[in-house]
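So the structure is just underneath, and the comments pick up after that.
The values are calculated or read from the model by the stated rules, or taken from the named source; none is laboratory data. Only a predicted model underlies this, so the values are computations on that prediction, with no experimental measurement involved. Glycine gets a Cβ as well: all are built from the backbone with ideal geometry, and neighbour counts include every protein chain shown.
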Amino acid sequence: MITTLEFDSVREKINLAWTTAWKRFFRPETNLFYDWLSSYEPGYELAHLPTAEEVKRQYPNPCGWGTGMEDSMITAGTVLSMICDRYAVTEEEFLKEHANAVFKGMVLCAEVHGTPGFIARSVCLEDRKSIYINSSRDQYTHYVYGLWKFFFSPLCDKSQKTKICKILTDIAAFMERTVIPENNNTFLRQDGVPCPVTVCKMWENDPHEAARLPMIYAAAWKISNDEHWREQYLKYARRAAEQSVQLWCRPYLAYALLQMQCSLELLVEADDENPEIVELYKKAMNHAAERATYNAMKTLEDYGKYDLTMLCPDWRKRPLGKIVDYPAPMWENYLPVLMCQREGGEAALVQMMAPGFTLSELQLEILKKLIMQSDYNKFSNYGLHYLQAAYWKACRQQYKLI
């Protein structure tokens, strides 16, 4: 059953979010979206980004945490899959150009450093080549998901399909070589050194992370038709499925549930041989959707608590704390704003990705309010990508949004 709700002027608000994203967050020099703004003055929005010299000495940390260039591949996968949804609804020809631009940025992060299979978080805007050498499981999850959705969309041409196949098999080979018990099931940094933080751990993880490694092998298998990757996928599939249905009862952050959905949706689409395992994937996805109801309702409440026009402070002016073993700038006052502005869109996506899960009138009303209450002329972080993605997925699933 399709639930409907009339949204006055929602499309206009979403179009403004689109314009803001491409004008303020995207840079054609690298074809990348950067994470947040430190100014609303034209030309100075991204003045805080690390210099080439800072990146080359891996300052302030090898992940680029806190600098504004730590999550470009998470955003790229989100935006590319969103463009695929939007094109399915509108068939707007200009979307091909935008999809191509995002794809070029994703290729850059796979190739600029010369290590096949390693996906950099982002690339320095100043020199267009320097990277932070520590990637993460989160980057790979959205990266592979975005390429998967693009590959099977009418937006992707033959040459791009060939490139995607090469990138995905390189990633799979990189994981097979490095994600081993001797490395604590953690892939290596770009410099070949073991990653000291848990963000690179791909197996023996918590339930919402259990399917990340088999997701990569399944994508490589189905797109390359190489039986080796099918065998690798099957080594992990059943255990990943059984772990995924064991989500905790305590609340999750919406980004963790969304990444779980990305891995499981890909596996549901890829695995046409193991129906019992696929049913477990679907069950886990619905468990995630149920939990995301909390995130959506909490976000609506939080929207009234914070100054949502707040800018992110320049990280160089913030004290350095520590995240695990890495020093990182601390900006406690801004973090709740960022999380609040991203959680609502992420929560709606989590729900709509679950097979057979229908958004209630209440959940639709929450999504509407989050979209309509946001001031996209003064929106300083990547949360605006998730609201757009939720809107276009809702349209694609035939929720009536006007």
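Among the residues of the range 306-337, the ones that are farther than 19 Å from Tyr382 by Cα and assigned to a loop (DSSP other than H, G, I, E, B) come to 4 in all.
Hey, among the residues in the range 264-305 that are of a type in the set (Gly, Ala, Ser) and either part of a helix (DSSP H, G or I) or touching a residue at least 12 places away in the same chain (Cβ under 8 Å) (or both), which one's surrounded by the fewest Cβ atoms within 10 Å (Cβ to Cβ)? The selected residue is Ala270.
Within the range 192-206, can one find any residue that is at positive phi, among the small types (Gly, Ala, Ser) and modelled with pLDDT of 95 or more? Yes; the residues of the range 192-206 include at least one that is at positive phi, among the small types (Gly, Ala, Ser) and modelled with pLDDT of 95 or more. Would you please name the residue that is nearest to Lys283 (Cα to Cα), looking only at residues in the range 338-370 that are among the hydrophobic types (A, V, I, L, M, F, W, C) and in a loop (DSSP other than H, G, I, E, B)? The qualifying residue nearest to Lys283 (Cα to Cα) is Ala354. Note on the range 100-116: among residues that are among the small types (Gly, Ala, Ser) and within 18 Å of Lys23 (Cβ to Cβ), the one that is surrounded by the most Cβ atoms within 10 Å (Cβ to Cβ) is Gly105.
Yes/no per residue for (1) among the hydroxyl-bearing types (Ser, Thr, Tyr); (2) closer than 21 Å to Leu387 by Cα:
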{"position": "Leu37", "(1), (2)": "no, yes"}
{"position": "Gln58", "(1), (2)": "no, no"}
{"position": "Asn61", "(1), (2)": "no, no"}
{"position": "Ser81", "(1), (2)": "yes, yes"}
{"position": "Val89", "(1), (2)": "no, yes"}
{"position": "His113", "(1), (2)": "no, no"}
{"position": "Leu125", "(1), (2)": "no, no"}
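Just one of (1) surrounded by fewer than 24 Cβ atoms within 10 Å (Cβ to Cβ); (2) free of Cβ contacts under 8 Å to residues at least 60 places away in the same chain fails for Ala21. It is (2). Being under 23 Å from Cys84 (Cβ atoms), under 17 Å from the mean Cα position of the chain (by Cα) and either surrounded by 23 or more Cβ atoms within 10 Å (Cβ to Cβ) or in contact (Cβ under 8 Å) with a residue 24 or more places away in the chain (or both) is a property that Leu155 lacks. What do you reckon, is Gly321 farther than 30 Å from Arg239 by Cα and under 20 Å from the mean Cα position of the chain (by Cα)? No: the conditions fail for Gly321.
Of all residues in the range 234-250, those being surrounded by fewer than 12 Cβ atoms within 10 Å (Cβ to Cβ) and either touching a Phe, Trp or Tyr at 6+ places or on another chain (Cβ under 9 Å) or closer than 13 Å to Glu209 by Cα (or both) number 1.
For the range 215-232, the set of residues classified as under 15 Å from Glu265 (Cα atoms) and out of contact with any Ser or Thr (no Cβ under 8 Å at 6 or more places or on another chain) consists of Ile216, Tyr217, Ala218, Ala219, Lys222, listed by residue number.
In the range 306-340, what count of residues is obtained for those that are among the charged types (D, E, K, R) and either in contact (Cβ under 8 Å) with a residue 60 or more places away in the chain or over 21 Å from Ser38 (Cα atoms) (or both)? Qualifying residue count, the range 306-340: 5.
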